[in-house]
Amino acid sequence: MDLILEGLWNLAEAGAQLLLQPFYYISIIIVLLMYRRQVVLERRLFHVRLHSWGLQTWRTVLSGLLAGLAVSVVFVFLGMNLTMEGLLCLWVVTFVLMLFGIRYLCLAYSVALLGMIQFVLNWFPGFTGSGFGGDVIRIVREMDIPALLCLVGLLHLAEGLLVRWQGASFAGPLFIEGKRGRLIGGYQMQTLWPVPLFLLVPAQTTGGVLPWTPFFGGDAWQGGFSLMALPIMLGFSEMTVTLLPKGKARITSGWLLGYGAVITVLALLSAWWSPLMPVAAIAAFVFHDSLIWLSRYGEQQRSPVFVHPQGGLKVLAVLPGSPAEELGIRTGETIMKVNGVPVPTKEDLHAALRINPAFCKLEVRNLAGESKFLQRAIYAGDHHQLGAILAPDELAPAAVQLQPLSLLQLLRPRASARAVRGARGATPAPLREAQAGGGSPAAADGPAAEA
């Protein structure tokens, strides 16, 4: 009973510590601004809103909380010998790596680098340094790199599950420029999850010791235990023009789950046999970069999906609650005929819908290449395209310019929305300007965030 009470007290203290840390609130604000930016992009590019930034924010925060609790429960049995000095060192290394590229704002890179530095320092046990440098060397030597690598692996496992669960639902359609200068449709899949962690760490306490010995930490658990609050952010950013959002999320999730499993196993083995530690650190770095390369390579090898085929109109997205959704039109399908009339262009679609202003019959080719026939009454106020957002054509007024996401774009989405290109070099109309989109494909986590 005393142990349970002490555990609950430590949990309450860690919860209060989390609430007093500004980063957790800052991460929620960043998520809110990111989804608000997505809604602005949808309105500027398509003149409609496909998502609710408030609902997306709450879903993300709740999912991140559940992921953090799950990882924390696992670490009750694994444990981690992490001090505030070691945590500060980890944050500093992450910030320095971020200066070389935003994609390095990731726990995998910083832990891998610290692991290699510790491995080199252990070659020279007599080298201790002096002053501030000596303190840094001591902190790096004392860091529990296998435990941190295990945390990296578990976080990527959690991220893989979150991507499988929510990645496709948060995807936003875009008009972008293809390889040959032709405008094509695509999806940007970008989200961040604020994840609060409560890590079990050794501590000198007046209470009892744990009835079990955590995997990491060794004899340090003889003095007692405590919980350390560590807020981080999980996040991924993918751009796809060759797959549907669900397919891209499934592939990305599979790679993340595989990466997380490999790093977790290597971390556990390195705690049992220390010479494996540098192998695990190098694998954490190299395999993480491989995830980005695999995503880009896959996109380059496949053909774009959201381009109009001969004689039809490709559906890029469907508005929630629209006539197109009620009819059963799905993303990626092709509208072939409306009221018996072929619709090779958007102008033909509008003309065909006006043939019978009160009713419409559609022939739609599904993803398997089979035709399906749909019909529905048309009411006053219905969307002029039934709520189907179509892939761009040569007359599309604007396309998104892909560039790395910046804080300025989050704070001033309307100002950044002026960075557009017009179709065939024309100047786009002010109301049809599109916001600059996200960056290169990435999947990562970090004590701060990765975008």
**Asked** Once phi is turned into ³J(HN,Hα) by the Karplus curve 6.51 cos²θ - 1.76 cosθ + 1.60 with θ = phi - 60°, what whole-Hz value does each residue of region 250-263 show in order, with x for glycine and proline?
**Response** 5, 5, 4, 4, x, 5, 5, 5, x, 4, x, 5, 5, 5
**Message:** Cut-off is 10 Å between beta-carbons; in what order do Lys179, Lys361 appear when sorted fewest neighbours first?
**Reply:** Lys179, Lys361
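List Leu8, Leu268, Leu151 from most exposed to least, where exposure is judged by having the fewest other Cβ atoms within 10 Å. Numbers along the way, then the final one.
Working: Leu8 10, Leu268 19, Leu151 28.
By the 10 Å Cβ count, ascending, the order reads Leu8, Leu268, Leu151.
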**Message:** With θ taken as phi - 60° and the coefficients 6.51, -1.76 and 1.60, list the Karplus ³J(HN,Hα) couplings across region 358-373 in order, rounded to whole Hz; mark glycine and proline as x.
**Reply:** 10, 7, 9, 10, 10, 10, 10, 8, 7, 5, 8, x, 9, 8, 10, 10
**Asked** If you line up the Cα atoms of region 152-256 on their principal axes, what length do they span on each, largest first, in Å?
**Response** 69, 22, 20
**Request:** Name the residues whose placed amide hydrogens come within less than 5 Å of the amide hydrogen of Gly178, ignoring near sequence neighbours (fewer than 5 apart) on the same chain.
**Result:** Leu183, Ile184
**Complete:** Taking alpha-carbon centroids only, region 114-154 lies from region 300-346 a number of Å equal to 56 Å
**Prompt:** Can you sort Trp123, Trp53, Trp58 by how many other beta carbons sit within 10 Å, fewest first?
**Reply:** Trp123, Trp58, Trp53
**Complete:** When the charge dipole of region 2-304 is computed with +1 at the Cβ of Lys and Arg and -1 at the Cβ of Asp and Glu, the Cα pointing farthest to the positive end, of Gln118, Leu210, Val71, is that of Val71
**Table column - 3J(HN,Hα) (Hz), region 271-279, Karplus curve with 6.51, -1.76, 1.60, x for Gly and Pro** = 6, 7, 9, 4, x, 7, 4, x, 5
**Item:** Largest to smallest principal axis extent of the C-alpha atoms in region 71-192, angstrom
**Value:** 62, 37, 22
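Compute the relative contact order of region 313-390 as a whole-number percentage, counting only Cα pairs closer than 8 Å that sit 6 or more residues apart in sequence.
Numbers: 144 pairs, mean separation 29.8, N = 78.
Relative contact order of region 313-390: 38 percent.
FYI, it's all coordinate maths here, none of it is from the lab. None of the values given here were measured: they were computed from a predicted structure. Note: ideal-geometry Cβ built from the backbone for every residue, glycine included; neighbour counts use all protein chains shown.
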